[in-house]
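The values are calculated or read from the model by the stated rules, or taken from the named source; none is laboratory data. Just so you know, these numbers come straight off a predicted model, no measurement behind them. Positions of Cβ are backbone-derived with ideal geometry, glycine not excepted, and every protein chain shown enters the neighbour counts.
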Amino acid sequence: MNMGYGLVAATLLSATMPAAAAGETIFTCRAGQRTVAVIRRDDQLVYRLSRRGKVELELPGGRVAETGFSGGGEVQTRFVNGSWTYVLYTRIVRTAFRGRNDPRPEAGVDVLSNGRTVSRVGCDDPSVEFTIDGLVGVPEGEFVEH
């Protein structure tokens, strides 16, 4: 898997966050009072939703996928819990096509129920990215259109 080296590498964080006993945080998205994180434990990804420091939901078994498109690309992790799917993503999109590229970073979390998007939340900091080293060697999955 390419992991987006040619697509989003210019905006990726250069260092990972400190490793904790429960795993290494490789992505953090703050949205208001909630924080969504992807934790890497060995070669497994874990989704963690917390509010004010209290964990509300934790799901193991994430899969990573990527896609490229004109002027950018997207890296995402997907977690499934019954009929619910949680897609955490970072992407670069081109916003101008007349002599300039004007890339715009986006990051967020989409929640799907039975394949339909029921919630779309952007990260407070839209330039947040997965760390490349944090995704190497984890299970791959299919890209989720969202």
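Does any residue of the range 93-103 turn out to be at pLDDT 90 or above and either under 18 Å from Arg34 (Cβ atoms) or part of a strand (DSSP E or B) (or both)?
There is no residue in the range 93-103 that is at pLDDT 90 or above and either under 18 Å from Arg34 (Cβ atoms) or part of a strand (DSSP E or B) (or both).
Do we find a residue being more than 12 Å from the chain's Cα centre (by Cα), at pLDDT 90 or above, closer than 25 Å to Arg116 by Cβ and hydroxyl-bearing (Ser, Thr, Tyr) anywhere in the range 68-84?
Yes, because at least one residue in the range 68-84 is more than 12 Å from the chain's Cα centre (by Cα), at pLDDT 90 or above, closer than 25 Å to Arg116 by Cβ and hydroxyl-bearing (Ser, Thr, Tyr).
Mind counting the residues in the range 73-102 that are surrounded by fewer than 16 Cβ atoms within 10 Å (Cβ to Cβ) and farther than 20 Å from Gly62 by Cβ?
Qualifying residue count, the range 73-102: 10.
Can you give me the number of residues within the range 104-125 that are acidic (Asp, Glu), part of a strand (DSSP E or B) and over 21 Å from Pro139 (Cβ atoms)?
1
Every residue, every condition in (1) touching a helix residue (DSSP H, G or I) at 6+ places or on another chain (Cβ under 6 Å); (2) more than 17 Å from Glu24 (Cβ to Cβ), yes or no:
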position	(1), (2)
Ser50	no, no
Glu58	no, no
Val64	yes, no
Arg78	no, yes
Gly82	no, yes
Val87	no, yes
Val93	no, yes
Arg104	no, yes
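When the residues of the range 1-58 are filtered to those that are among the hydroxyl-bearing types (Ser, Thr, Tyr) and at pLDDT 90 or above, which remaining residue is surrounded by the most Cβ atoms within 10 Å (Cβ to Cβ)? Lay out the reasoning, then the answer.
As a first pass, look at the range 1-58 and keep what is among the hydroxyl-bearing types (Ser, Thr, Tyr): 5, 11, 14, 16, 25, 28, 35, 47, 50.
Then keep just the ones that are at pLDDT 90 or above; that gives 25, 28, 35, 47, 50.
Values: Thr25: 19, Thr28: 17, Thr35: 18, Tyr47: 23, Ser50: 15.
The selected residue is Tyr47.
Going by the structure shown, is Phe143 over 16 Å from Val36 (Cβ atoms) and modelled with pLDDT of 90 or more?
yes
Out of (1) buried (at least 16 other Cβ atoms within 10 Å of the Cβ); (2) among the small types (Gly, Ala, Ser); (3) closer than 20 Å to Leu135 by Cβ, the odd one out for Gly61 is which?
Among (1) buried (at least 16 other Cβ atoms within 10 Å of the Cβ); (2) among the small types (Gly, Ala, Ser); (3) closer than 20 Å to Leu135 by Cβ, Gly61 violates only (1).
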